[in-house]
Structures are given as structure tokens and as C-alpha cells.
1. If a residue has to be among the basic types (Lys, Arg) and free of Cβ contacts under 8 Å to residues at least 40 places away in the same chain to count, how many in the range 162-215 make the cut?
2. Of the residues ARG243, ARG208, only one is touching an Asp or Glu at 6+ places or on another chain (Cβ under 7 Å) and open to solvent by 20 Å² or more (accessible area, probe 1.4 Å); which?
3. Taking the stated definitions as given, is ILE52 under 22 Å from TYR223 (Cα atoms), open to solvent by 10 Å² or more (accessible area, probe 1.4 Å) and without any contact (Cβ under 8 Å) to a residue 60 or more places away in the chain?
4. Confirm whether SER173 is over 26 Å from LEU27 (Cα atoms) and touching a helix residue (DSSP H, G or I) at 6+ places or on another chain (Cβ under 7 Å).
5. In the set ARG149, ARG140, ARG117, ARG136, which member is in contact with an Asp or Glu (Cβ under 9 Å, 6 or more places away or on another chain), open to solvent by 30 Å² or more (accessible area, probe 1.4 Å), modelled with pLDDT under 95 and part of a helix (DSSP H, G or I)?
6. Tally up the residues in the range 75-95 that are open to solvent by less than 30 Å² (accessible area, probe 1.4 Å) and over 23 Å from TRP200 (Cβ atoms), please.
7. Of all residues in the range 251-267 being at pLDDT below 75 and of a type in the set (Lys, Arg), which is most open to solvent (accessible area, probe 1.4 Å)?
8. I need the full set of residues from the range 39-49 which are open to solvent by 30 Å² or more (accessible area, probe 1.4 Å) and under 17 Å from HIS108 (Cα atoms), in order please.
Amino acid sequence: MHDVAPRQQDAPVPPPGAGVSFVMPVLNEERYLRAAVDSVLQQEVDGEAELILALGPSTDATDAIAQRLSADDPRVRVIRNPAADIPVGLNLAIAASRFPTIVRVDAHSALEPGYVRQAMTTLARERAANVGGVMRAEGRTPFQRAVARAYNSRVGLGGGAYHSGGTAGPAESAYLGVLRRSVLDEVGLFDESIRRGEDWELNLRIRRAGYRVWFDPALAVAYWPRERWSSLVRQFRSTGTWRGELVRRYGRRNSLRFFAPPALVTLVALGLVTAVLQLTGIVHGVASVLYLPLAAYAALVVVYAASAQAGPGVRERAWALLVLPSMHLSWGVGFLIGVARGARENIDTSRLRRNTPLP
């Protein structure tokens, strides 16, 4: 936990039956949208509920599916998000919402049964402004399952509580999040200049205002990672670039674990330079010590891929040999780019089709 304001205060608790607003930015999600919406509509809510879909300019059947879902259930409302940016879509949906508790939902995810009931109980008990739980990554193909296993592993994404679990308590940020609208009105909505990591930045402002952000491991959300290697690399490069931008803006407030992937990229670059210098005879054996951390990393990847943690099948474990370094290196390259020149022009294209218009 970082930079928590010294003046601690409780978030207000709405009266029973006050209702819940679900907000979901959507872009090119024809394969996942219906399941995501169904998981929302099946939640037990004390009072009224609404789901607001902020539709970006999709090029698949997403818009038609969204319109059918809205026609079938009056709780589902559709608004437009022509900018296609997640924080813009979230802000538009929140502005259109009616109820004092906001539940953020990803169209590439599904809320576990009882998610909202548990979240509301935790929010009221802890008087927190935001509560989140565990991202439970899942896969439908060997590649996607390998990515999901890496997401859920401390080796894969560095041990963040919402990836690998942990004990309940105050948190730096929250995955997706169930938020009190009054606190959002006080600290401001999502920063639309941040295209990735917008949740971390919002939670920083919430904590600076003295409110609690809470992690509850009893909350779980199923999440389906990218289905292709190229999309995974683009996603992680973009995410790393925006983390680099956040380091430029907020410096030491970022967790130290974010600096491991760029350190790996730096070691790989130094190793390549050392190899060239050795082959040309400019330097000699003593420089080989630079290979030791790279050999240790390679051994870690191999040991992980050979373990049951990487998956039950041979195909998942084979993919793990590619997935793990791809995630780390693309994130690290993006991070260094973001630190060096910022990320304001960076767009995550991992879910865009060839003809999808960019903002």
C-alpha cells in the first residue's frame, strides 16, 4: 500500500435496496459478451440492477448481440463509446448509471455466482470505497490455457494478490472493482488520458483521499486471456508501455515488481552485445558472467513448464515455454519505451480487427 492519506475516512454505505449499476466497456467481443452479460444478470442484488454496455466501434457481431441482449432484458442498456478507449467507455457508462454502487465488469470475463452479494457485504463491513477479488484466468484452447496458468502463477505475473490470491486486507488496487459512486464523485472518475492501468491510478486517488481499497479473496472473476500469440504480445507490450507512463508520472508509488521485466530485457540486450563482442574478439571470457542470470531465468522457465503448475497436458506445458518469456519480454520492452518517451500515443490493438477504426 502506497501514499495513503493520513486522514482515514469511511466510505458511506447506501441504505438497503438502493440498487447496483454494472458498467461494461465492449469492443469485438462476439465470442464472450453473452456469457459476460449472463453472469451479471444472474447476480443476486438487493434492490434494482442495471447493466450499461458502452459499445466501441466493433467490426464483428458484437453490436448485434448487445442489441439483442438489451431487447431481451430491460436491465441491459446500450450506449456508444466511439473513442473505443476503456476509461472513456467506463466514464460514459458511470455517467449514465442511476445507482449508488458501481460494479465494473470486463466483457472478456464472467462474475462468479454470489460475487455482488459478497462484495456488498465486504464493502459495508469494511466501510471501503472499492473492493476487488481474484482474477481466475481460464482457457478454452491449449495456448489459452497456458496463458491462463501463467496469469495465475507468481512466476507469470509477479505475485499480485488479485492474480495469485492472498489474505483479505487493504490493497494498492482492485481487479475490476465494486465502488461507491459517492467516492467516485468526490475523487473524479477514470483518467481518460490513461488507456491502460487506469484502475491503478483511480485507486491511488481513492487512497490519497483517505478511503480504503480492499482485497477480498472470496471474490472471483473468470477471465479469458488472448487466444493468439501475436495478440498476447501486443497486449503485454501495450500494458508495459502504460506502466512505464505511470512510472514517469508517479515514480516510487509503483510496486518494485513492475521493474523485473525491464530488468530482464536489459539483461538480454547486454547478453546479446556481450556475445557479439566475444565473437569478434573484443572481449574475452570474464564477460560471460553476464550470462548467469539469463541462464537462471531460462532454467526457471523450463522448471515451470515441466511442472503441474503449467498445466495438466503436454501441449499446455510446451506452450508455456513460449508464453512465459513472451509475456515478460514484451511487457519489459513496452515498459522501457513508456519510461523513455511516454505512452500517450500507444493503443492496445490486441482486440482490434484489421478494419477496426482507431481513435
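1. Of the residues in the range 162-215, 1 are among the basic types (Lys, Arg) and free of Cβ contacts under 8 Å to residues at least 40 places away in the same chain.
2. The conditions single out ARG208.
3. no
4. no
5. Checking each option against the conditions leaves just ARG149.
6. Residues in the range 75-95 being open to solvent by less than 30 Å² (accessible area, probe 1.4 Å) and over 23 Å from TRP200 (Cβ atoms): 1 in total.
7. Filtering first and then ranking leaves ARG252.
8. LEU41, GLN42
The values are calculated or read from the model by the stated rules, or taken from the named source; none is laboratory data. Everything quoted here is computed from the prediction, not taken from an experiment. No Cβ is skipped: glycine too gets one built from the backbone with ideal geometry, and neighbour counts run over all protein chains shown. These accessible areas exclude ligands, DNA and RNA; they are computed on the full protein's heavy atoms, side chains included. Shrake-Rupley method; radii C 1.70, N 1.55, O 1.52, S 1.80 Å.
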